[in-house]
1. Can you work out which of the residues in the stretch 30-47 that are touching a Phe, Trp or Tyr at 6+ places or on another chain (Cβ under 6 Å) and in a loop (DSSP other than H, G, I, E, B) is surrounded by the fewest Cβ atoms within 10 Å (Cβ to Cβ)?
2. Could you give me the residue pairs with C-beta distances under 7 Å whose first residue belongs to the stretch 10-31 and is closer than 23 Å to D51 by Cα, whose second residue is among the β-branched types (V, I, T) and modelled with pLDDT of 90 or more wherever it lies, and which are 6+ apart or on separate chains?
3. Could you tell me which numbered condition A108 fails, if it satisfies all but one of (1) out of contact with any helix residue (DSSP H, G or I) (no Cβ under 9 Å at 6 or more places or on another chain); (2) modelled with pLDDT under 80?
4. Taking the stretch 9-29 as the region of interest, how many residues are at pLDDT 90 or above, in contact with a Pro (Cβ under 9 Å, 6 or more places away or on another chain) and surrounded by 14 or more Cβ atoms within 10 Å (Cβ to Cβ)?
5. What number of residues in the stretch 30-53 are more than 18 Å from T125 (Cβ to Cβ) and either of a type in the set (D, E) or at pLDDT 90 or above (or both)?
Amino acid sequence: MLNKFSEVSLGEMVKLLAAKLHQEEVALPFKNQKPWHMLFYALKSQQVGSDKPHFLDDLVFDWDAPYPRCEELSEFLNALHVTANVSAHNPHFDVISVNDADADRWLAGIGDMDTSSSSFLQHATNLARLKFCSALG
């Protein structure tokens with residue numbers, strides 16, 4: 001249950017996005033995590049209202065890679081796979097998938113979000129869809 005969306009954590013945000021994109025049948029990149037990093041870098045950089053989650057301000061991106069990369073995000077994505085919350089049923093771990101029960105559990109309570117929080121989540125989902133679809137072709 002999300003009481004105050006601006007206080008959502010990185011992990012909760014990743015799970016919400018993964019669940020929403022799962023419902024839309026959008027493939028979630030895993031081996032190439034660049035689209036995830038570019039998504040969160042864009043969300044951090046944008047000025048999109050007061051319901052922007054506070055954790056975005058604290059994310060640290062380094063430029064040791066050819067794109068901005070956040071170690072905390074990589075660790076969370078890998079932890080999701082290791083804890084079996086997402087699976088990679090493809091031989092090269094190119095994409096991950098979320099099972100329906102987890103997606104439903106992760107999305108429980110978003111119907112109670114206020115309009116601006118819901119708007120931010122939809123904005124983030126739309127941006128993720130664009131970045132993920134273009135990266136996976």
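The values are calculated or read from the model by the stated rules, or taken from the named source; none is laboratory data. No experiment lies behind these values; they were computed from the predicted model shown. Note that we place each Cβ from the backbone using ideal geometry, even for glycine, and neighbour counts take in every protein chain shown.
1. K31
2. Once the first residue is closer than 23 Å to D51 by Cα and sits in the stretch 10-31, its partners that are among the β-branched types (V, I, T) and modelled with pLDDT of 90 or more give L17/T125; K20/T125; L21/T125.
3. Here A108 clears every test but (2).
4. Count: 3.
5. 1
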